[in-house]
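Below is one structure, written out as structure tokens; comments come after it.
All of the numbers you see were taken from the coordinates with simple rules; none came from a lab. All values derive from a computational prediction rather than experimental measurement. Don't worry about glycine lacking a Cβ; one is built from the backbone with ideal geometry, like all the others, and counts go over all protein chains shown.
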Amino acid sequence: MDDLRENIKLEMKAREWSDYKLSEESGVPQSTIHRYLSGKHKNITSENVTKLAKGLRISEMSLRFRKTNQELIPLDAYEESSPLIDDEVNVKELREVELAGGDGRHQVIETQGKFIRFKRSDLKKWRVQPDMAACVKVSGNSMWPAYPDGCMVGIDTSKTEIVDGDHYAIDHNGYLRVKIIYKMPSGGLRLSSFNKEEWPDEPISPDEKASIRVIGRVFWSSGFR
């Protein structure tokens with residue numbers, strides 16, 4: 001359980017979250033979180049671990065077993081024709097491609113015939129409809145340590161209304177990005193990264209908002225080993 005405690009602290013630090021913020025996002029009482037993280041309580045219930053993982057929008061496996069020096073568990077893309085087992089469902093993968101013509105333009109498209117497998121029961125637990133789920137691969141270190149380079153995140157494409165501080169996959173002038181988004185009083189947006197030392201916040205003016213299309217809200221990220 002010590003690893004779990006440290007992993008929760010790591011995820012909170014990456015997001016700059018307080019006990020109160022984690023409680024607000026997860027539904028676990030702030031007093032419970034504080035007592036566990038401070039070591040006053042040695043254990044925490046499985047139900048609360050599930051809630052904390054959901055609040056942090058990562059898999060429960062990642063929260064329980066992730067360590068800073070661990071490597072990503074590779075996720076294989078399956079052909080559409082591959083048989084599903086148990087309660088599995090195919091979830092489409094989105095990717096960024098360069099358009100023909102050599103002018104440097106990009107667009108975000110669905111990977112044809114390639115899917116990531118999820119359990120229907122897990123999607124139900126995360127309150128995501130299977131036909132509204134999609135996956136995107138994180139590229140670069142701007143979202144380290146929460147979403148390292150190469151990790152896969154699951155997004156709910158029905159959730160495109162911006163809620164301050166939530167994590168979204170966006171199409172930014174054809175580039176596929178995962179960012180924390182805030183709405184600004186001016187009517188613009190602020191795109192934020194976890195790795196603030198190398199990736200400062202990006203202000204988006206009201207006139208520039210048309211360059212951004214919110215694809216979906218992050219509900220899951222791939223695990224570590």
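Compute the whole-percent fraction of alpha carbon pairs in segment 155-220 spaced more than 17 Å apart. Intermediate results must be reported in sequence, preceding the final value.
Values: 765 of 2145 pairs.
When every Cα pair of segment 155-220 is considered, 36 percent fall beyond 17 Å.
Using only the alpha-carbon atoms of segment 2-65 as identical scatterers, what base-10 log of I(q)/I(0) does the Debye formula give at q = 0.13, 0.16, 0.28 Å⁻¹?
Log-scaled intensity ratios, in q order: -0.26, -0.41, -1.52.
Just the Cα atoms of segment 78-221, one point each, no solvent: what log10 I(q)/I(0) does Debye give at q = 0.09 Å⁻¹?
-0.30
Under a plain spin-label model, where a point goes 7 Å from the Cα along Cα-to-Cβ, how far apart in nm are T111 and D149?
According to this spin-label approximation, the distance is 1.9 nm.
Determine the gain in length on full extension of the stretch S158-K13; use 0.36 nm per residue of separation and subtract their C-alpha separation, reporting nm with one decimal. It would help to have the intermediate numbers written out before the result.
Working: separation 145, 0.36 × 145 = 52.20 nm, distance 2.85 nm.
Contour length minus the Cα-Cα distance gives 49.4 nm.
Of K92/K179; K51/K209; K119/K209, which pairs sit farther than 29 Å apart, going by alpha carbon to alpha carbon? Walk me through the intermediate numbers first.
Details: K92/K179 20 Å; K51/K209 33 Å; K119/K209 35 Å.
Exceeds cut-off: K51/K209; K119/K209.
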